[in-house]
1. Convert each backbone phi in region 6-22 into a coupling constant with the Karplus relation 6.51 cos²θ - 1.76 cosθ + 1.60 (shift: θ = phi - 60°), then list the ³J(HN,Hα) values in order as whole Hz, x for Gly and Pro.
2. As an exercise, use a Förster radius of 22 Å and the Cβ-Cβ distance of Thr59 and Arg106 to find the FRET efficiency, rounded to the nearest 0.05.
3. Ignoring ligands, DNA and RNA, what accessible area per residue does region 10-100 give at 1.4 Å, in Å²?
4. Accessible area of region 45-100 with a 1.4 Å probe: how many percent of it is carbon plus sulfur?
5. Can you tell me what share of the DSSP beta bridges in region 56-106 is antiparallel? A percent to the nearest 5 is fine.
6. So what are the ³J(HN,Hα) numbers for region 60-72, from phi and the Karplus equation (6.51, -1.76, 1.60; θ = phi - 60°), rounded to whole Hz, Gly and Pro as x?
7. With the Cα gyration tensor of region 1-108 giving a ≥ b ≥ c as the square roots of its eigenvalues, does the rule (a/c under 1.5 for rounded; else a/b larger than b/c for prolate; else oblate) give rounded, prolate or oblate?
Amino acid sequence: MGWTFPWASSYGGDFNLDFNVQVTEQQQREGGAEYNYRRSEPLALCGDQGRVAEIAAMTGTDAATFMRERPGMSTFVLEDGVVYHIYSTYARGLDGLWGMHQWLDRAPKGRNETGIWWRHHDAYDKR
């Protein structure tokens, strides 16, 4: 349709801290950071570290560093020189942007998640 609009990244700024999608090392150790409208516990008490470590390794980092950045998306509009924050979503609220998740959620067993559930196409026959 020929539509265009400007995209912006929060990389290198403090936006992620302001919008609670990034935590500091201190918040991670002590807990108390807010994400998706909930207070988090210290990292050692959060989730299955084995899975997190495996996913983090795929991205080239360690589990602690990986967990300091959290998924989120915000929309703003500039109108008459004023910036308006019109929408934000976090965690599973982003699934609508990732096409395959919507289909998997409607399958008989949902995502049927165990371990790292996605595989590259050349590893389909490997479990």
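The values are calculated or read from the model by the stated rules, or taken from the named source; none is laboratory data. The structure displayed is predicted, hence computed values, not measured ones. So basically every Cβ, Gly included, is an ideal-geometry build from the backbone, and we count neighbours across all protein chains shown. Note: areas computed on protein heavy atoms with side chains; ligands, DNA, RNA excluded. Shrake-Rupley method; radii C 1.70, N 1.55, O 1.52, S 1.80 Å.
1. These are the phi-based 3J(HN,Hα) values: x, 9, 9, 10, 8, 4, x, x, 9, 4, 4, 5, 4, 9, 6, 10, 9 Hz.
2. My answer for the efficiency is 0.20.
3. 69 Å²
4. Its accessible area is 60 percent carbon and sulfur atoms.
5. Percent antiparallel among DSSP bridges in region 56-106 is about 100.
6. x, 9, 9, 4, 4, 5, 4, 6, 6, 10, 10, x, x
7. Note, shape of region 1-108 comes out oblate.
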